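Some notes on the structure that comes next.
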Amino acid sequence: ALQAFRDGNFKDAYEALRRLLTSPDASTEGIEENLSTAIQSLQRLNRVDEIDPLLEQTVAAHAKSWQVLAAVASQYNSIEHFGYMIGDEFHRGQHRGQGRVVHATARDRVQALQLFRRAVELAAASPDKAEAARVLSGLAQTLAYNGDTSQYWRLQSLTGLTSLPYYEEGWGPNYSGLQGAPVGADGKPIY
């Protein structure tokens, strides 16, 4: 599958990786690279709206693997956070036609935090503490808004992890070019 990706056969690479990622019997060895490559394949195929189902199915297939949970959490930090609401359904990425532009920045962050928290609990029992410590590093990075120092002011607000925030209107908090500026309900910066 990885060779197919390197050869530019993104559809073949994605299909092989999806089968591997969503199979409960598959090894989780190399999960980070496999998941990242599958998502890159979807992006290159312009099928970004299939990322969320892939991530959810991967977690469902490997719910007891802290490596998988951490890999999926990391992907929530790096994928596009904008999309369209069509009816009551969120479609990640660009869309042709009608729909309301929304972003899932806060929602994706909370999903990543939920997954990292579960991964930390599972990793505590791992005999390889050095590898398990990487989960804590990923959690810290997510807590710190992926190292975006302009976002540290947000740490003064509590983030509930029991439920996911709803999608917010607009392209996202950094779309205006004023990176890190607080935004109002309309998605525009508050000066």
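The values are calculated or read from the model by the stated rules, or taken from the named source; none is laboratory data. Since the model is a prediction, treat every value here as computed from it, not as a measurement. All Cβ positions, even for glycine, are placed from backbone atoms using ideal geometry, and neighbour counts span all protein chains on display. Calculation scope for accessible area: heavy atoms of the full protein, side chains included, ligands and nucleic acids excluded. Shrake-Rupley method; radii C 1.70, N 1.55, O 1.52, S 1.80 Å.
Brief remarks follow.
- Whole-number Å³ per residue for the convex hull built on Cα positions in the chain: 141 Å³
- The accessible surface of the chain, taken with every protein chain in place and a 1.4 Å probe, is 51 percent carbon and sulfur.
- When the chain is treated as a GNM with alpha-carbon contacts under 10 Å, the residue of Glu15, Glu80, Glu89 showing the greatest mean-square fluctuation is Glu89.
- Probe 1.4 Å, protein heavy atoms only - accessible area per residue of the chain in square angstrom: 56 Å²
- When the Cα positions of Ala124, Val59, His81 are compared along the charge dipole of segment 1-136, His81 comes out farthest toward the positive end, with charges on each C-beta of Lys, Arg, Asp and Glu.
- Shape category assigned to segment 1-82 from the gyration tensor of Cα positions, a/c cut at 1.5: oblate
- Prolate/oblate/rounded call for segment 113-161, Cα gyration tensor, a/c under 1.5 rounded: oblate
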